[in-house]
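The values are calculated or read from the model by the stated rules, or taken from the named source; none is laboratory data. Quick caveat: nothing in here was measured; it's all calculated off a predicted structure. Quick reminder, even Gly has a Cβ in these numbers, built from the backbone with ideal geometry, and neighbours come from all protein chains shown.
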Amino acid sequence: MSRVQLAVIACLMLASASALAALPQQMSVQVQEVKVRATPGFLGKIVGTLQYGDRVTVLDQPAGSPQSWRKISVPGKDIQGWVSLSALTEKEIKLQAGSQAAQTGASSGEVALAGKGFNENVEKEYKAEGNVDYTWVDRMETYKPTDQQVADFLQQGGLNTSGGAQ
Amino acid sequence: MKKTVSLLALAALGLLVASCASMDLSAGNIVAIGQGVQQVQAAEQTEFTPEQEYYIGRAVAADILSTRKVYDDQAATAYLNVMERALAIYSERPETFGGYHVLILDSDEINALSAPGGLIMVTRGLLGCAQSEDEVAAILAHETSHIVLQHGLNAIKQARKTEALKNLGVATANTVGGSNVQELTGLFKDSIKDIVHTLVDSGYSRDQEFAADAMAVKIMRNAGYDPRAFEGMLKVMETKLKPGGLGFGKTHPDPADRIAKVDAALAGQPAVVTPPDAQAARQARYQAALGAL
């Protein structure tokens, strides 16, 4: 096979690789937990819950959709709805062995290794030195108002009840 | 034959250019194409991930809370946490790794401290300066803005941040353990010290404070609060803060300078008009939750 023929084949392979990249975009959940909503906005009906590292497929955005929300589906699950863009990253997140989810095959250009570096292990070491007390930190993290409480708060106070669907 | 092959090559090149034109030709994609889709390496880290930010924030808050007393009033704390969520969903970063949470510090000092990722600690003394729900919203919107803008993470000394990110970049699932953890813990500890020192002693830069004020005004407006309450809050602080005093007096620009900037930002913006019944509802719940302060 001549060098020119090889070049042609290489070009065709590259072209098909770029065609693959044009498939629907995959994103990952970059926060501990996020709700999938039936409509864009934090007060929309909850249709599912996703965990850190979960992969989602970004669907076509209907015309006039809010910029800060993405319509998504979840491969292998019957979940389709809206997620705030602030909860998503283009990087694939590979969870460490022993984490809640198994590692998945890499398919994106960038990978963030979850739990790498400043993580639970480092926090454990830091705590072991005995100079800090996490009691109140753990307690304050349990303060999580419900959607209903937030909706009532906004409505009763004459505030914006759109739920952040900007 | 040679000519035919050349034409074929040209056609294939044309196809490639056409397909490239319709896709995002970012460095990441070029790398992905070059490596093939199955062989991918962890990208070099240039910023902390939300998860790393979360663990940094927890340690900063733990450090601060280890030496301070908490004002454990459930009704007041619940009120602030609902309000915080109501503000955060109208910010540019509604979701952080662990979410936004508020705690009251049992201190007369006029101060508020926010740890990376969303842990906000506000003193009884500062809440006592507010006279309405909108003014309390101004305090929380300002602290939320520091978190959105990642001012806490930026307080980590640049050399240390570079070193930490370099270490995080090479630490894989297999190497996190043993001596690597100890080395990272050392960097972690020093990073926490940098942030706590900035929050408690030296304060953010004037520009960072003004940026947080400007963003707070936007969050308030988006949520439906009257952003002029921000000025009201600053005016009260102007009368209560002593030059060279503790807390905000030491770490924040002069309220008069901040009022001038906020004034300029509000100029030309339509006024937010609160209907009397909504005003009354806000005042009633504010009194019920924080009136005792």
Residue under question is B:A155, and the condition is that it be modelled with pLDDT of 95 or more, touching a helix residue (DSSP H, G or I) at 6+ places or on another chain (Cβ under 7 Å) and small (G, A, S); does it hold? no
Which condition does B:K242 not pass, out of (1) free of Cβ contacts under 8 Å to residues at least 60 places away in the same chain; (2) in contact with a Phe, Trp or Tyr (Cβ under 6 Å, 6 or more places away or on another chain); (3) of a type outside the set (S, T, Y), if it passes all the others? (2)
Filter region B:107-159 down to the residues that are free of Cβ contacts under 8 Å to residues at least 60 places away in the same chain and of a type in the set (K, R) and list them by number. B:K157
If you go through region B:42-62 one residue at a time, how many are closer than 30 Å to B:Y286 by Cα, touching a residue at least 40 places away in the same chain (Cβ under 8 Å) and facing chain A (nearest Cβ under 7 Å)? 2
Go through region A:42-56 and count every residue that is under 12 Å from A:Q80 (Cα atoms) and hydroxyl-bearing (S, T, Y). 1
Are any residues in region B:200-234 part of a helix (DSSP H, G or I) and over 15 Å from B:H142 (Cβ atoms), and if so, which ones? B:V200, B:D201, B:S202
Just checking, how many residues over region A:31-71 are part of a loop (DSSP other than H, G, I, E, B), more than 19 Å from A:E90 (Cβ to Cβ) and touching a Ser or Thr at 6+ places or on another chain (Cβ under 8 Å)? 5
Condition met for B:Q45 (modelled with pLDDT under 95 and not aromatic (F, W, Y)): yes
Index of the failed condition, B:K250 passing every other in (1) within 21 Å of B:V272 (Cβ to Cβ); (2) surrounded by fewer than 19 Cβ atoms within 10 Å (Cβ to Cβ): (1)
Mind listing just one residue for me: the one in region A:137-156 that is touching a Phe, Trp or Tyr at 6+ places or on another chain (Cβ under 9 Å) and facing chain B (nearest Cβ under 7 Å) and, of those, farthest from B:D277 (Cα to Cα)? A:P145
Would you mention how many residues in region B:204-241 are more than 15 Å from the chain's Cα centre (by Cα) and among the aromatic types (F, W, Y)? 2
Let me spell it out: the conditions are (1) at pLDDT 95 or above; (2) farther than 27 Å from B:S66 by Cα, and B:E163 meets all of them except one. Which number is the exception? (1)
Which of the residues belonging to region B:90-112 are facing another protein chain (nearest Cβ under 8 Å) and among the aromatic types (F, W, Y)? B:Y90, B:F97
For region B:189-226, the count of residues that are acidic (D, E) and within 14 Å of chain A (Cβ to nearest Cβ) equals 3
Here the residues within region B:204-237 that are farther than 28 Å from B:A278 by Cβ, in contact with a helix residue (DSSP H, G or I) (Cβ under 9 Å, 6 or more places away or on another chain) and surrounded by fewer than 19 Cβ atoms within 10 Å (Cβ to Cβ) are B:S205, B:R206, B:Q208, B:F210, B:A211
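B:D263 - would you say it is more than 20 Å from B:N222 (Cα to Cα), part of a helix (DSSP H, G or I) and touching a helix residue (DSSP H, G or I) at 6+ places or on another chain (Cβ under 9 Å)?
Working: more than 20 Å from B:N222 (Cα to Cα): no; part of a helix (DSSP H, G or I): yes; touching a helix residue (DSSP H, G or I) at 6+ places or on another chain (Cβ under 9 Å): yes.
So B:D263 fails the test.
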Considering only residues that are surrounded by fewer than 17 Cβ atoms within 10 Å (Cβ to Cβ) and at the interface with chain B (Cβ under 8 Å from one of its Cβ atoms), look in region A:91-126 and name the one that is modelled with the highest pLDDT. A:E125
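Residue check: is B:V102 under 22 Å from B:P255 (Cα atoms) and either of a type in the set (V, I, T) or in contact with a Cys (Cβ under 7 Å, 6 or more places away or on another chain) (or both)? Walk me through how you get there before you give the answer.
Working: under 22 Å from B:P255 (Cα atoms): no; either of a type in the set (V, I, T) or in contact with a Cys (Cβ under 7 Å, 6 or more places away or on another chain) (or both): yes.
Criteria not met by B:V102.
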Within region B:57-94, the count of residues that are surrounded by 22 or more Cβ atoms within 10 Å (Cβ to Cβ) and modelled with pLDDT under 95 comes to 0
